[in-house]
Structures are given as C-alpha cells and as structure tokens.
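Reviewing the structure listed below.
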Amino acid sequence: MSGLFILNSVLLGVGLAMDAFSVSLANGLANHFLRIRSMCLIAGTFGFFQWLMPMAGWACVNRIVDLFQVLLPLVPWASLVLLVAIGGLMIRDGLSGEEDVKVSVGLRYLLLQGLATSMDALSVGFTLAEYPFAKAMLASIIIGIVTFAICIAGLFLGKRFGMKLADKATILGGVILIGIGLEIFFGA
C-alpha cells in the first residue's frame, strides 16, 4: 500500500468523522460523568458504523459493476459528485448552525447516532468501488480507527469545553470531503 493511499484513507476518515465528532462533543457536554469505558463504547459505536457503511457501499457497487462493467468509467464522476455534495451539505449545515444533535447516550440512541452519522460513509463506499476487497477493507478499517480516535477526543473536549467547536468541525469535515473528491476525480 502506498503512502498516498494511507494518507487519503486517514483524511477520508477525518472528513467522515466530523459529524460523529460533533455528536461526541454534545454527548460529552450533556454527560460530564462519562467514564472511559462508556467513552470507548460511544467512540467504538461511531467507529464501527464508519467502518461498516463504506464496506456496505463497496459491496453494493461491486455487485452492480460486476454485472454492468460499463459503469466502471463513471466511478470517478460519481465519487466527485457524491463527495462534493456531502461536503457542501456539511459546510452549509456548519455555517447555518441548523444541525440537530441528539445528546442521549443510551444504547438505542447511541445506535441511532452511529447510523445517522455514518450515512455519508455509505456513499463513500461507492467511491471505493475500484479497490479490490482487501484494499477497500483496509481503507474502511483506517476510517473506523480514525473515527474512534476523533470521537474520543470529541468526548473529552465536550466534557471540557462544550459545543463551541461543533460547527467548525462540520465545516472542516465538508472541506476535507470535497478535497478528497477532487483528488479522486483528477487522479483517475
């Protein structure tokens, strides 16, 4: 694996983790009593969904691409459109401050938070369609690990500083996703 692949996977993880980071900040703010074990469970849930959803997207696209090879040249275009759209929406939400952050950390809400913050990762799985399984799996694992680390940081920061960083994190995530979309498109 090349250094550029690892760097892109880490940056993709950072970009995708910003929604989960924002929710982690909110969870930390609302639950200042969280212990390390609970924090690991929260961050682990976000990391799991951020690993799972790209692989689900990759599997869906590869099934379609196997059946319709004609779609393969369209993957860089799809990557560009999806990542720019997702990044643009994240920037818009961050600038408008309209994000609805759910602060409960019960198991039911935690699973909903994990799913809700990873929906953009499903479409990112579509952008990994050209990768063989092992490379897509490695990229998804890196994304999950990065998400876990960023969410742990978000929980600590939320406990310490509150919600002041949440909108900025969403904007940064959007900018990173747009940059990766452009790199995938022009690198193809």
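Brief remarks follow.
- Taking every residue in the stretch 110-121 that is acidic (Asp, Glu) and pairing it with any residue that is surrounded by 14 or more Cβ atoms within 10 Å (Cβ to Cβ), at least 6 positions away or on another chain, the pairs with Cβ-Cβ distances below 8 Å are Asp120/Leu16; Asp120/Asp19; Asp120/Ile86; Asp120/Met90; Asp120/Leu177.
- Within the stretch 23-48, residues that are under 10 Å from Cys151 (Cβ atoms) sit with their Cβ atoms under 7 Å from residues that are assigned to a loop (DSSP other than H, G, I, E, B) and β-branched (Val, Ile, Thr), at 6+ positions apart or across chains, in these pairs: Val23/Val101; Asn27/Val103; Asn27/Val105; Ile42/Val105.
- Restricting attention to the stretch 1-57, the residues that are modelled with pLDDT under 90, of a type in the set (Ser, Thr, Tyr) and in a helix (DSSP H, G or I) add up to 2.
- Gly94 vs. criteria within 19 Å of Val14 (Cβ to Cβ) and modelled with pLDDT of 80 or more: no
- Summed over the stretch 17-52, the residues that are closer than 19 Å to Ala139 by Cβ and open to solvent by less than 20 Å² (accessible area, probe 1.4 Å) give a count of 6.
- Of the residues making up the stretch 176-186, one or more are in contact with a Pro (Cβ under 7 Å, 6 or more places away or on another chain), modelled with pLDDT under 80 and closer than 17 Å to Pro54 by Cβ.
- Among the residues of the stretch 103-134, the ones that are assigned to a helix (DSSP H, G or I) and either out of contact with any Leu (no Cβ under 8 Å at 6 or more places or on another chain) or open to solvent by less than 60 Å² (accessible area, probe 1.4 Å) (or both) come to 21 in all.
The values are calculated or read from the model by the stated rules, or taken from the named source; none is laboratory data. Values in this document were obtained by computation on a predicted structure and should not be read as measured data. Quick reminder, even Gly has a Cβ in these numbers, built from the backbone with ideal geometry, and neighbours come from all protein chains shown. Side chains are part of the model used for accessible areas, which takes the heavy atoms of the whole protein and leaves out ligands, DNA and RNA. Shrake-Rupley method; radii C 1.70, N 1.55, O 1.52, S 1.80 Å.
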